[in-house]
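Written below as structure tokens is the structure these notes are about.
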Amino acid sequence: MTVSVLSSTADDQLIEAFFQQSEGQWRSERRYYTLPDGEVKEMISMITIRFLPQGAPELVELAHLHGLEDETAMTCGAAVTWDSENTVSGRTESKGSTLFGVIGSVLYRDRGFATTKPITAGFYFTNPDTLCLRTEYKGSVFEEELKLIGSKYRTRQTIISRAGEQQMIGQYIEKRIA
């Protein structure tokens, strides 16, 4: 099977449309598989996504965090908040927020999955509804695919690797609730 990557000249329009279509509230059912033993952890998260246009105060702050000279260089972005609980214990696992901003084919974040420090990720689209990210820090690689399915569903898959070996797979089904 051949997968074509859309040209970077379309990145600005594609990422803006993707963030706009993702705006809203989502219920995310997540399953994490720890490799190689296969231990499974299941979580439910409530996620809120807000589209950020160029020049939004959050994007200006994100530009400052990354030391960018042009504080309005980010063409768009998203503000995301979440509240996650373990489905077995009912215990809160994670609660927080993160910012995303875009310049070209680079996604700037105020924090990463496993760090509170600002990070960047490369991104591309395999089609207008499928965003692929690759992030590297602290010796780990995070590869993620987010796919819009109509206007009410998203799927995500994350593969976390360290030293060339896959450590964890996260699979998500997200349903729009507002």
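The values are calculated or read from the model by the stated rules, or taken from the named source; none is laboratory data. Since we're looking at a predicted model, the values are computed, not measured. Glycine gets a Cβ as well: all are built from the backbone with ideal geometry, and neighbour counts include every protein chain shown. We work out accessible area using only protein heavy atoms, side chains counted, and drop any ligands, DNA or RNA first. Shrake-Rupley method; radii C 1.70, N 1.55, O 1.52, S 1.80 Å.
Of the trypsin sites (Lys or Arg not before Pro) in segment 148-178, the ones in a loop by DSSP (not H, G, I, E or B) with at most 15 other beta carbons within 10 Å are Lys152. As a calculated quantity, the FRET efficiency between Thr87 and Glu165 at R0 = 30 Å, using C-beta atoms, amounts to about 0.65. Of the solvent-accessible surface of segment 1-155, computed with a 1.4 Å probe over protein heavy atoms with every protein chain present, carbon and sulfur atoms account for 51 percent.
Counting heavy atoms of the protein chains only and a 1.4 Å probe, report the per residue accessible area for the chain as a whole number of Å².
Per residue, the chain has 55 Å² of solvent-accessible surface.
For segment 41-130, the set of trypsin sites (Lys or Arg not before Pro) satisfying both a DSSP loop assignment and a count of at most 10 other C-beta atoms within 10 Å is given as Arg91. The gain in end-to-end length when the Ile44 to Arg134 segment is fully stretched comes to 30.0 nm, 0.36 nm per residue minus the alpha carbon separation.
The length gained on full extension between Thr116 and Ile173, counted as 0.36 nm times the residue separation minus their Cα-Cα distance, comes to 18.0 nm. Of all aspartates and glutamates in the structure, those lying under 19 Å Cα to Cα from Lys175, and not within fewer than 8 positions of it along the same chain, are Glu23, Glu29, Glu42, Asp83, Glu85, Asp129, Glu144, Glu145.
The angle separating the long axis of helix 11-22 from the principal Cα axis of greatest extent in the chain is about 50 degrees. Less than 5 angstrom separates the built amide H of Thr87 from those of Glu42, Met43, Ile44, all sequence-distant by 5 or more or on a different chain.
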